[in-house]
1. How many of the residues making up segment 271-293 are touching a residue at least 24 places away in the same chain (Cβ under 8 Å), open to solvent by 60 Å² or more (accessible area, probe 1.4 Å) and over 23 Å from residue 170 (Cβ atoms)?
2. Using beta carbons and a limit of 7 Å, which pairs, at least six apart or on different chains, have the first residue in segment 193-204 and assigned to a helix (DSSP H, G or I) and the second one of a type in the set (Ser, Thr, Tyr) and at pLDDT 95 or above?
3. Going by what's in this entry, would residue 190 be described as surrounded by fewer than 21 Cβ atoms within 10 Å (Cβ to Cβ), in contact (Cβ under 8 Å) with a residue 24 or more places away in the chain and more than 22 Å from residue 241 (Cβ to Cβ)?
4. Of the conditions (1) under 22 Å from residue 199 (Cβ atoms); (2) in contact with a Lys or Arg (Cβ under 8 Å, 6 or more places away or on another chain); (3) at pLDDT 85 or above, residue 82 satisfies every one except a single condition; which number is it?
5. Output yes when any residue across segment 249-257 is within 26 Å of residue 119 (Cβ to Cβ) and of a type in the set (Val, Ile, Thr), and no when none is.
6. Given the residues 220, 264, which is the only one that is closer than 22 Å to residue 161 by Cβ, open to solvent by 10 Å² or more (accessible area, probe 1.4 Å), part of a helix (DSSP H, G or I) and touching a Lys or Arg at 6+ places or on another chain (Cβ under 8 Å)?
7. With the condition kept exactly as written, say whether any residue in segment 87-97 is of a type in the set (Phe, Trp, Tyr), surrounded by 12 or more Cβ atoms within 10 Å (Cβ to Cβ) and at pLDDT 80 or above.
8. Given the structure, is residue 214 β-branched (Val, Ile, Thr) and under 23 Å from the mean Cα position of the chain (by Cα)?
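The values are calculated or read from the model by the stated rules, or taken from the named source; none is laboratory data. Small disclaimer: the values here were computed from a predicted structure and weren't measured. Here the Cβ positions follow ideal geometry from the backbone for every residue, glycine too, while neighbour counts run over all protein chains shown. These area figures cover heavy atoms from the full protein model, side chains too; ligands, DNA and RNA do not enter into them. Shrake-Rupley method; radii C 1.70, N 1.55, O 1.52, S 1.80 Å.
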Amino acid sequence: QGLNDLSISRTTIKWGIPLPVEGQHVFYVWFDALIGYMSAVDGENLWPADLHLIGKEIARFHAVFWPAFLMAGGMPLPKRIFAHGWLLFENDKMSKTRGNIVRSEPIRQVMGADALRYFLLREIVFGQDGSFSYDALIGRYNSDLANGLGNLASRTLTMIHQYRGGVIPEGSDLTLAALAAGAIKSVEAFYQAFEFSKALEAVWALIAAVDKFIVQHAPWKLARQTDEASQADLSSTLYTAAEALRIATALLSPVLPLSAPKIWSQLGMPDSIEAVQFASLAWGGLATGQKIGEIAAVFPRIESKEAIARMQELEEKVTAEQNLLLGKTAAPAAPETPRIA
């Protein structure tokens, strides 16, 4: 059904910007709010937006009203509009009104922003509703970031330091190279389609393949062999692991913008990770003879009970401070730890 007319004024409310017409008309609040977007970004030459990202409950205003206002004014429309879902607690949307919110700042202080960002994009299909729990957050962090990416980076770089004096050796495995090429292609397509969870699954499939490759070749055993073939195999194994790590790190940089540069630096990469483009990301970009950087754990394992207790303590502190600012005499009871529904 077509939208023929849309009133941009209201007479049922007294507050608002008055209209110079007969009667008590004020601008409809959504008209006033939406045109504020243009005034905010047009001066910076940032319109039209490549992506207009909104919450699903206001899709009508942003996908119907806002384009109508733009068309009426002869202005370009956003290139894409995407509505994301809700974070749920006990099957209800998280909201301040319900008092069932979990703030991001306590999580950032205890686990880092990348841990939360990774969890939300990996655990929840973007665009759909998803549930949050501290247990699931820490479990995903330890299994994927600490034991997965972090362990791969630590063991690979440590072996290069021990067995090759901290210098990237020569050699490559064609099977892993093909897997990495496939991962690059898949991840780019998934990112373009906002299928972030699938993109991260593809990266972790590559990480799992590299872990299996390392176990099969057992570089710690090859290092004890002095024959030429064993040493060549060792060099090839270490280069392959390091190059796969480089590609995985680059693919993860949009999701782990604080952590990925640390691994990038430990690999000794001379250029900034922000300069990496999909078009130039291919196997063989890690230069042999390159000196790796100082090795340090990027994702140390987190003990669940202590971390949850600390995050809840910080959450209660922030709630008490906000209640004090609002003039409340007592803070409401802290909500129970959210659980996956």
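1. So the answer is 1.
2. What qualifies is 199/191; 202/186.
3. No; evaluated as a whole, the condition is false for this residue.
4. Unmet for residue 82, out of (1) under 22 Å from residue 199 (Cβ atoms); (2) in contact with a Lys or Arg (Cβ under 8 Å, 6 or more places away or on another chain); (3) at pLDDT 85 or above: (2).
5. The answer is yes; a qualifying residue exists.
6. Result of the check over 220, 264: 264.
7. no
8. So residue 214 does not fit the description; no.
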